[in-house]
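The values are calculated or read from the model by the stated rules, or taken from the named source; none is laboratory data. This structure is a prediction, so every number in the text was calculated from the model and none was measured. Because the Cβ atoms are built from the backbone with ideal geometry, glycine has one as well, and the counts that use them run over all protein chains shown.
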Amino acid sequence: MWILGRKGASASSTAEEVTDGIHGSGLSAIVTGATSGIGAETARVLALRGVRVIMAVRNTEKGTKVKEMILKETPDAKVDVMELDLSSMASVRDFADKYLSASLPLHVLINNAGVLSPQFKLSNEKIELHFATNHLGHFLLTNLLLETMKTTSYEHKTEGRIIIVSSEGHRFTYSGTLSDYINNESSFSSVYAYGLSKLANILHANELARLLKEEGVNITANSLHPGFIDTELFRGHNIFSVICNRILRYFIKDVSQGAATTCYLALNPKVKGVTGEFFSDSNLAKLSSRAKDQELAKELWEFSLSLTSSK
């Protein structure tokens, strides 16, 4: 259960610092994309705090290596590795089926995984890869596991938490109707496609928070910007390397700092009851006007339902 920690959160805090003194024993959390970067650090710190962590990863061999590193540091940690390819709806459904079949509780769902591709690519279901992986896979995963989270919250008398990792990149995307650009190769821009998927992350969290609050369910949903971090996501992308090296080098966080806001939202009691918000540096942050658009959030929700229900 969540027990109040000793330290507060600040812009320079690490994931360990924002969870210092917090005991997560009895809690179960899924972390997508936990083989590297802030996903791996999030899994490590949650396990350090006693949370049972399910690493939902595309590469189970890499996931197992991360698990071994966690166990070396924390021998009594509870860590499982399960295969999940968010670009494939079949894989998302298979993961959810296996999780539900195991009758495991679920207190915290961290939708962290993401891709950034310089080329136009399609998922298995012929949907643009950024939108399919960063948003749609997480949208489907959340919906498939939501009843389990509701049951866990009710039976354990705890607050469920859904955390969606977005980005300040949500400000840089296409204008106009969302669906106009999903599979339009002629207008493809890797920056704008990534930004669109990150905008979708925020709109998803906002609409989910509204629906859960309307239903009276004790589950919160929030999104966040982890900060500018030099992770595998940006490797091989020359434009981002230039930006990081020349412009943002004084603002770049290390992985332990980059995972702080995620871990803060997952465990810190200071955000109990807070829902439908956007965080950065473990603090409330401002959104673009489109990210605050409630009608756009509803539109995206219905569009995402139509895509996931027919595949």
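From the set of residues in region 150-175 that are modelled with pLDDT under 95 and surrounded by fewer than 17 Cβ atoms within 10 Å (Cβ to Cβ), which is farthest from Asn112 (Cα to Cα)?
Ser175
Going by the structure shown, is Phe303 hydrophobic (A, V, I, L, M, F, W, C), more than 15 Å from the chain's Cα centre (by Cα), under 28 Å from Glu128 (Cα atoms) and not in a loop (DSSP other than H, G, I, E, B)?
So Phe303 fits the description; yes.
Taking only region 41-61 into account, find how many residues are farther than 21 Å from Leu104 by Cα, touching a Ser or Thr at 6+ places or on another chain (Cβ under 7 Å) and surrounded by fewer than 23 Cβ atoms within 10 Å (Cβ to Cβ).
The total comes to 1.
Are there any pairs, at least 6 apart or on different chains, whose C-beta atoms fall under 9 Å, with the first in region 287-311 and more than 18 Å from Ser91 (Cα to Cα) and without any contact (Cβ under 8 Å) to a residue 24 or more places away in the chain and the second assigned to a helix (DSSP H, G or I) and among the basic types (Lys, Arg), and if so, which?
Matching pairs, first to second residue: none at all.
Which number in (1) part of a helix (DSSP H, G or I); (2) at pLDDT 95 or above marks the one condition that Ile239 misses?
Single failed check for Ile239: (2).
Can Ala96 be described as under 20 Å from Ala193 (Cβ atoms) and at pLDDT 95 or above?
Against the criterion (under 20 Å from Ala193 (Cβ atoms) and at pLDDT 95 or above), Ala96 does not qualify.
Test Asn134 against the criterion of being modelled with pLDDT under 95 and either in contact with an Asp or Glu (Cβ under 9 Å, 6 or more places away or on another chain) or in a helix (DSSP H, G or I) (or both), and give yes or no.
No.
Among Ala34, Ala56, Ala43, which is in a loop (DSSP other than H, G, I, E, B) and under 30 Å from Leu122 (Cα atoms)?
Result of the check over Ala34, Ala56, Ala43: Ala34.
Is it fair to say Thr142 is modelled with pLDDT of 95 or more, hydroxyl-bearing (Ser, Thr, Tyr), more than 18 Å from the chain's Cα centre (by Cα) and surrounded by fewer than 24 Cβ atoms within 10 Å (Cβ to Cβ)?
no
Look at region 87-111 and say how many of its residues are surrounded by 15 or more Cβ atoms within 10 Å (Cβ to Cβ), in a loop (DSSP other than H, G, I, E, B) and without any contact (Cβ under 8 Å) to a residue 12 or more places away in the chain.
Summing the residues that are surrounded by 15 or more Cβ atoms within 10 Å (Cβ to Cβ), in a loop (DSSP other than H, G, I, E, B) and without any contact (Cβ under 8 Å) to a residue 12 or more places away in the chain in region 87-111 gives 0.
Let me spell it out: the conditions are (1) surrounded by fewer than 24 Cβ atoms within 10 Å (Cβ to Cβ); (2) polar (S, T, N, Q); (3) at pLDDT 95 or above, and Gln119 meets all of them except one. Which number is the exception?
(3)
Is it the case that some residue within region 28-40 is of a type in the set (S, T, N, Q), closer than 23 Å to Val271 by Cβ and either surrounded by 21 or more Cβ atoms within 10 Å (Cβ to Cβ) or in contact (Cβ under 8 Å) with a residue 12 or more places away in the chain (or both)?
Taking every residue of region 28-40 in turn, at least one turns out to be of a type in the set (S, T, N, Q), closer than 23 Å to Val271 by Cβ and either surrounded by 21 or more Cβ atoms within 10 Å (Cβ to Cβ) or in contact (Cβ under 8 Å) with a residue 12 or more places away in the chain (or both).
Residue by residue through region 62-86, note down the ones that are assigned to a loop (DSSP other than H, G, I, E, B) and buried (at least 23 other Cβ atoms within 10 Å of the Cβ).
Quick first cut of region 62-86, residues assigned to a loop (DSSP other than H, G, I, E, B) only: 74-78, 84-86.
Residues satisfying the conditions are Leu84, Leu86.
If we keep just the residues of region 176-198 that are out of contact with any helix residue (DSSP H, G or I) (no Cβ under 9 Å at 6 or more places or on another chain) and within 17 Å of Phe303 (Cβ to Cβ), which is surrounded by the fewest Cβ atoms within 10 Å (Cβ to Cβ)? Reasoning before the result, please.
Taking region 176-198 first, the residues out of contact with any helix residue (DSSP H, G or I) (no Cβ under 9 Å at 6 or more places or on another chain) are 176, 184-186, 188, 192.
If we keep only those that are within 17 Å of Phe303 (Cβ to Cβ) as well, we get 176, 184.
On the way: Gly176: 9, Asn184: 13.
The extreme case among them is Gly176.
Write out, first by first residue and then by second, each pair whose Cβ atoms fall under 6 Å of each other, whose residues are 6+ apart or on separate chains, and whose first residue, in region 187-213, is modelled with pLDDT of 95 or more and of a type in the set (Val, Ile, Thr) while the second is surrounded by fewer than 24 Cβ atoms within 10 Å (Cβ to Cβ) and part of a helix (DSSP H, G or I).
Cβ pairs passing all conditions: Ile202/Ala291.
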